Amino acid sequence: MVLWSEPVNNELIVEWLFVNSGPILRYRIAVDLMEVSNRKKERLFQESLATPEAQRWISNLNKAQNIHGSKDTDAENPLAKLLEYGFNRAHPAFDKKVKDLLNTTLQAWDHFVLLPYLLRAGYADHPTISEWLKRRIDTLYNTAQLGSFDFYLNPAETKDLPKAWQGKPIYRDEFGHQAGYALPTCYDFYALAYCSGIPGIIDLPSKCETIVSFLSDPRFQATIGGYGWDRNKKRCYAAGRVFLACVEPARLVLFLNLGAGFHAARKAQWFHQGIAALESYRTSRDTFCFPSNLLIERTGNHMYGGSHMGLGENRRSPQALELESTFHMLTIQKRLKN
């Protein structure tokens, strides 16, 4: 089955993108879709860095006190945004804040949130990050090998829970809070996409494919999500579909970008359906123009709700969505070729 119909004039499309885009997207195009000199890349990055938009997100990162949340100043959102803008550990303002975060006392589950972004940013050689990744890969691989999709307690098994939680979908201990949430989460899927080539984990590519195969199974994708039961504190914590690596319309473009690098994802029903959906927005000139609900740009959680998918273009411009949509499709295409 053909996943992608490549534009007839791919080079012309890239040239059109580069000429018509603003500084932030232009830098991403040069790095991801063109062959340009390091000197030109640096000049383009400095132009991107000088924009009010880039400076706003650097400021948001510097103001970050919490890791997880939906505010523009909760660290996960500026980290995600700046990565989309092409920042990484090579850029001093970004690197300084990341090191500050790693030197603070992290709250429970903060490592869950930070791991994918720091892998993408190039911190896999940091001892803390590599240990987080190793533990998480082991947990997820064990879940995938178990191959069970019986995630939730049946009603008889919840009779000893407080009344407020009875009748709700509660994860079994081996999948929920007690096991550190052993099901693939949206953060895990992002991390898997950026951990290839990292040394120190035996059979890492094979393990990643096994995990992606598990999360791509229709039985996993159909799960309703539920609550993790903390037996010690005798309370439940919400961990629904948005927390799991389940495809939702608002983050379809993000998930297709992540999945394009895995054979297991490329064969999956969700991936084929997603590519077909995006293909339906191809224009007569072989560009793409997605509706705004597929490239949301507003305050909110990037990973949960697909917020902050913009690439610096002025959304008041009628061409903005076409530029950003076309760039996303070309980057997905490039990952499919690799």
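The values are calculated or read from the model by the stated rules, or taken from the named source; none is laboratory data. Every value quoted in this text rests on a predicted model; they were computed, and no experiment measured them. Using ideal geometry, Cβ is built from the backbone for each residue, glycine included, and neighbour counts are taken over all protein chains shown.
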Being in a loop (DSSP other than H, G, I, E, B) and under 16 Å from the mean Cα position of the chain (by Cα) is the filter; apply it to the range 190-208 and report the residue that is surrounded by the most Cβ atoms within 10 Å (Cβ to Cβ). 195
Show the residue pairs meeting these rules: Cβ distance below 7 Å; 6+ apart or different chains; first residue within the range 151-164 and farther than 20 Å from residue 232 by Cβ; second residue at pLDDT 85 or above and part of a helix (DSSP H, G or I). none
Restricting attention to the range 167-189, which residues are within 23 Å of the chain's Cα centre (by Cα) and either over 17 Å from residue 141 (Cβ atoms) or among the acidic types (Asp, Glu) (or both)? 176, 177, 186, 188
Among 37, 48, which is among the polar types (S, T, N, Q) and touching a Phe, Trp or Tyr at 6+ places or on another chain (Cβ under 9 Å)? 48
Take the range 251-273 and flag every residue that is crowded, with 18+ Cβ neighbours inside 10 Å and over 20 Å from residue 191 (Cβ atoms). none
Pull up the range 158-183, narrow it to residues that are assigned to a helix (DSSP H, G or I) and of a type in the set (A, V, I, L, M, F, W, C), then point me to the one that is surrounded by the fewest Cβ atoms within 10 Å (Cβ to Cβ). 164
Scanning the range 15-31 for residues that are more than 13 Å from residue 84 (Cα to Cα), among the aliphatic types (A, V, I, L, M) and in contact with a Phe, Trp or Tyr (Cβ under 9 Å, 6 or more places away or on another chain) gives 17, 30
Which ones in the range 64-86 are small (Gly, Ala, Ser), closer than 18 Å to residue 312 by Cα and either assigned to a helix (DSSP H, G or I) or in contact with a Pro (Cβ under 9 Å, 6 or more places away or on another chain) (or both)? 80
Considering only the range 89-109, I want to know if a residue exists there that is touching a residue at least 40 places away in the same chain (Cβ under 8 Å), of a type outside the set (Ser, Thr, Tyr) and surrounded by 20 or more Cβ atoms within 10 Å (Cβ to Cβ). no
Checked against (1) aliphatic (A, V, I, L, M); (2) modelled with pLDDT of 95 or more; (3) surrounded by fewer than 20 Cβ atoms within 10 Å (Cβ to Cβ); (4) assigned to a loop (DSSP other than H, G, I, E, B), residue 242 satisfies every condition except (2)
Tally time: how many residues in the range 209-239 are in a helix (DSSP H, G or I), surrounded by 15 or more Cβ atoms within 10 Å (Cβ to Cβ) and touching a Phe, Trp or Tyr at 6+ places or on another chain (Cβ under 7 Å)? 9
Filter the helices (runs of 4 or more DSSP H) completely within the range 87-157 down to those with at least 1 residues that are under 16 Å from residue 179 (Cα atoms) and among the hydroxyl-bearing types (Ser, Thr, Tyr). 127-146
Among the candidates 271, 327, 290, residue that is assigned to a loop (DSSP other than H, G, I, E, B), modelled with pLDDT of 95 or more and hydrophobic (A, V, I, L, M, F, W, C): 290
Counting only residues that are among the acidic types (Asp, Glu) and outside any helix (DSSP H, G or I), which one in the range 6-54 is surrounded by the fewest Cβ atoms within 10 Å (Cβ to Cβ)? 35
